[in-house]
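Visitor: If you scroll down you'll find the structure; I have some questions about it.
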Amino acid sequence: MVLAQETVDHEIPVSMSWSGGIMPRGSRGDMALRAVDYIMFHTNDKSPEEVHETIQAMRRWTGYNRPLLINEDGVSTFNLRAAVEERVGWGFYDQGWNNYRDGFQSPPTNWSINTPVKWLFFEQVARLTGSAVPPVPDYTAGDTPEIKVLGLKPGQVLKEAISVEAVVKDRDARWPIKRVEFFIDGKPYSYRRNAPFLLNNQEWWDMVDVAPGKHVLRVVAYDMRGPRFTETCSMVEIPFSR
């Protein structure tokens with residue numbers, strides 16, 4: 001790190017992609033992170049709560065006088081929101097599967113917004129920046145999860161607590177369902193990693209944090225597609241009122 005900084009005469013900010021976690025004081029990792037001009041680190045496979053915790057831990061370790069950037073995470077926009085709430089940059093990492101369909105990482109790469117995984121990221125970025133939401137891709141695939149929502153019908157008017165559950169059918173015997181995410185009006189609302197996939201993790205959803213009026217529930221089920229980072233997903237949207 002020091003050699004790189006000296007080579008560019010400190011005119012170009014220098015950093016590195018760090019995936020080693022918190023290191024002991026005086027270790028080589030500790031000295032390296034104290035030398036960089038800005039902090040880049042990974043939060044792959046962490047929950048949104050763990051993203052908050054990791055950011056706070058990195059600040060305690062490296063100080064508060066340099067920018068932080070998560071340069072690699074995954075595809076969950078819940079983690080994107082967690083980073084934004086901490087005022088930290090976030091790296092969308094969509095591994096793909098060498099099939100010219102999924103992901104941006106594995107060639108041959110389709111750079112268009114052609115899958116729900118890609119669209120969900122760009123849709124959330126558009127909402128965060130006040131930009132136009134891109135059109136939903138025309139997407140069909142025989143290997144993505146099937147979603148059936150119990151307890152809520154399109155156009156239903158909710159007047160009291162209700163049980164809402166996403167029943168997800170995994171169509172790949174090798175890789176399990178990774179998580180189910182729920183959005184209200186496009187904003188991340190709740191998630192679960194294990195069945196039963198209940199809205200807001202409540203057996204009876206009380207809706208206390210949802211204002212009266214018209215809303216849209218979005219349910220997204222993510223499925224693993226490999227031993228590490230590749231994911232695919234399906235989604236359904238249900239309009240309702242309360």
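The values are calculated or read from the model by the stated rules, or taken from the named source; none is laboratory data. Being a predicted model, the structure only gives us computed values, none of them experimental. No Cβ is skipped: glycine too gets one built from the backbone with ideal geometry, and neighbour counts run over all protein chains shown. The area values use the complete protein model at the heavy-atom level, side chains included, leaving out ligands, DNA and RNA. Shrake-Rupley method; radii C 1.70, N 1.55, O 1.52, S 1.80 Å.
Visitor: Out of the chymotrypsin sites (Phe, Trp or Tyr not before Pro) in the range 142-242, which ones are loop residues according to DSSP with at most 16 other C-beta atoms within 10 Å?
Guide: Trp204
Visitor: When the helix-only estimate is applied to the chain (DSSP H runs of n ≥ 4, each -39,500 (n - 2.57), divided by the residue count), what is the mean residue ellipticity at 222 nm, nearest 500 deg cm²/dmol? Mind dumping the intermediate values first?
Guide: Details: 5 runs with 52 residues, N = 242.
Result for the chain, helices only: -6500 deg cm²/dmol.
Visitor: Share of Cα-Cα pairs in the range 157-242 beyond 17 Å, in percent?
Guide: For the range 157-242, the fraction of Cα-Cα distances above 17 Å is 48 percent.
Visitor: Mind putting together the pair-distance distribution for the chain? All Cα pairs, 5 Å bins, whole percent per bin, short to long.
Guide: 1, 6, 12, 15, 16, 15, 12, 9, 6, 4, 2, 1, 0, 0
Visitor: How much accessible area per residue does the chain have, in Å², with a 1.4 Å probe?
Guide: Spelled out: the 1.4 Å probe surface of the chain, per residue, equals 52 Å².
Visitor: Scan the chain and hand back the longest stretch that contains none of the GluC sites (Glu not before Pro) lying in DSSP loops with at most 14 other Cβ atoms within 10 Å.
Guide: Looking at the chain, 12-159 is the longest stretch - no exposed GluC sites (Glu not before Pro) with at most 14 other Cβ atoms within 10 Å.
Visitor: Right, something else. Between the range 183-207 and the range 74-120, what is the C-alpha centre distance in whole Å?
Guide: If you average the Cα positions of each part, the centres end up 22 Å apart.
Visitor: Using the structure shown, select from Lys148/Lys187; Lys153/Lys214; Lys118/Lys187; Lys118/Lys214; Lys46/Lys169; Lys118/Lys169 the pairs with a Cα to Cα distance greater than 19 angstrom.
Guide: Lys148/Lys187; Lys118/Lys214; Lys46/Lys169; Lys118/Lys169
Visitor: Rank these residues by their accessible area, most exposed first, probe 1.4 Å: Tyr100, Tyr38.
Guide: I get Tyr100, Tyr38, largest accessible area first.
Visitor: Okay, moving on. In the range 54-93, carbon and sulfur make up what percent of the accessible area (probe 1.4 Å)?
Guide: Of the solvent-accessible surface of the range 54-93, carbon and sulfur hold 49 percent.
Visitor: Roughly speaking, to the nearest percent, how much of the range 99-242's 1.4 Å accessible area is carbon and sulfur? Spell out each step's value before the answer.
Guide: Working: 4010 of 7440 Å².
Of all accessible area on the range 99-242, carbon and sulfur atoms account for 54 percent.
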